[in-house]
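These notes are about the structure you will find just below.
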Amino acid sequence: GAVVSQHPSWVICKSGTSVKIECRSLDFQATTMFWYRQFPKQSLMLMATSNEGSKATYEQGVEKDKFLINHASLTLSTLTVTSAHPEDSSFYICSAREAGLAGREQYFGPGTRLTVT
Amino acid sequence: AQSVTQLGSHVSVSEGALVLLRCNYSSSVPPYLFWYVQYPNQGLQLLLKYTTGATLVKGINGFEAEFKKSETSFHLTKPSAHMSDAAEYFCAVGGGSQGNLIFGKGTKLSVKP
């Protein structure tokens, strides 16, 4: 089945530093990848949609200069949290979808727990 | 525009009892509907999905859901709960032009021995 990996699974960083999270589709080509943020005991909030070779589309209220997304290839998308602050601490989840019908489900990565101290 | 409402943030059942998790949706286009399960500190796993065709959809782990257009519902059921079913369940709607999913707030399922 379709597998999506994320790296790292958890990371602790100091306030003001930048953190990069990788999302990889392991056995399929993902023309579209999505980045979500999940606060404790809450639902997933879509942050941005990225298509390979194109600029990401950010949801309203998400700072594109703070959350840099690069969809460099059909199997890799990265999210960089720049100048991280404690309020950026959260669970970040990516998902990937193959090309084709919009009805294809998204395959989710295992998530990355970010803690900013 | 699309939206999802999950009734009940927390549902508790006894082991062996019926599981019913409610989901209502709103969509201006024919919806694609999904149920995902999330275990603590993990990503989401697809339980089942409805795109077109048969309205009763069977998924993994004995779960099923029925798409009822007239009621704009997609409730998730399982005849007999197992302790391992304890998790967070999310209903999601897709099919919009942007291809993204809109998630409900989630329902935490607890299973009592």
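Rule-based calculations on the coordinates, nothing more; no lab input. Note that this is a predicted model, so its numbers are computed, not measured. Note that we place each Cβ from the backbone using ideal geometry, even for glycine, and neighbour counts take in every protein chain shown.
Choose one of A:Q106, A:L26, A:M47: the residue whose Cα lies farthest towards the positive end of the charge dipole of chain A (beta-carbon charges +1 Lys, Arg; -1 Asp, Glu; about the Cα centre). Going by the charge dipole, the pick is A:M47. As a rough footprinting exposure proxy, the listed residues B:L44, B:L56 were ranked by other beta carbons within 10 Å of their own, and the order from fewest upward is B:L56, B:L44. Peptide B:43-52 shows a mean partner chain C-beta count of 5 within 10 Å per residue C-beta.
Relative contact order for chain B: 38 percent, from Cα pairs under 8 Å spaced at least 6 residues apart, divided by residue count. For the protein assembly as shown, the dipole from Cβ point charges (+1 on Lys and Arg, -1 on Asp and Glu) about the Cα centre works out to 180 debye, to the nearest 20.
Peptide B:102-108 has a mean shielding of 3, counted as Cβ atoms of other protein chains within 10 Å of each residue's Cβ. Here B:S80 and A:L26 are evaluated by their C-beta separation; at R0 = 35 Å the FRET efficiency comes out at 0.55. Peptide packing: for A:19-29, A:105-115, the average count of neighbouring Cβ atoms within 10 Å per residue gives the ranking A:105-115, A:19-29, highest mean first. When chain B is treated as a Gaussian network with alpha carbon springs shorter than 10 Å, the biggest mean-square fluctuation among B:L18, B:L33, B:L48 belongs to B:L18. How far apart, in nanometres, would the label points at A:V3 and B:E15 be if each is projected 7 angstrom from Cα along the Cα-to-Cβ direction? Placing both labels 7 Å along Cα→Cβ, they lie 3.2 nm apart.
Among A:78-85, B:88-95, sorting by the average number of other beta carbon atoms lying within 10 angstrom of each residue, highest first, gives B:88-95, A:78-85. Which links in A:K41/A:K66; A:K41/B:K69; A:K66/B:K108 stretch past 27 Å when you go from one Cα to the other? Cα-Cα > 27 Å for A:K41/B:K69; A:K66/B:K108; rest within.
The charge dipole of chain B, taken about its Cα centre with unit charges on the Cβ atoms of Lys, Arg (+1), Asp and Glu (-1) only, comes to about 100 debye. Straight-distance candidates among the lysines for linking to B:K68, with alpha-carbon spacing under 16 Å and chain neighbours fewer than 8 residues away dropped: B:K49, B:K58.
One way to sum up the overall shape of the protein assembly as shown is the equivalent ellipsoid from its Cα gyration tensor, whose semi-axes run 30, 21, 15 Å, largest first. Put in line by how crowded their Cβ is, counting other Cβ atoms within 10 Å and starting with the fewest, A:M45, A:M33, B:M83 read B:M83, A:M45, A:M33. Above 18 Å lies some portion of the pair distances; for chain A, what is it as a whole percent of all C-alpha pairs? Everything past 18 Å amounts to 46 percent.
Sorting A:R97, B:R22 from the fewest to the most surrounding beta carbons within 10 angstrom yields B:R22, A:R97. For the pair B:S70 and B:L7, label points projected 7 Å from Cα toward Cβ lie 1.7 nm apart.
Just to be sure I understand the model, the point goes 7 Å from the Cα along the line to the Cβ. What's the resulting A:H85 to A:R113 distance in nm? Between A:H85 and A:R113, the simple spin-label model gives 2.4 nm.
Here chain A is assigned +1 on the Cβ of each Lys and Arg and -1 on the Cβ of each Asp and Glu. Its dipole about the Cα centre then comes out at about 180 debye. Ranking B:L47, A:Q6, A:S77 by Cα position along the charge dipole of the protein assembly as shown, where only Lys, Arg, Asp and Glu carry charges on their C-beta atoms, puts B:L47 farthest toward the positive end.
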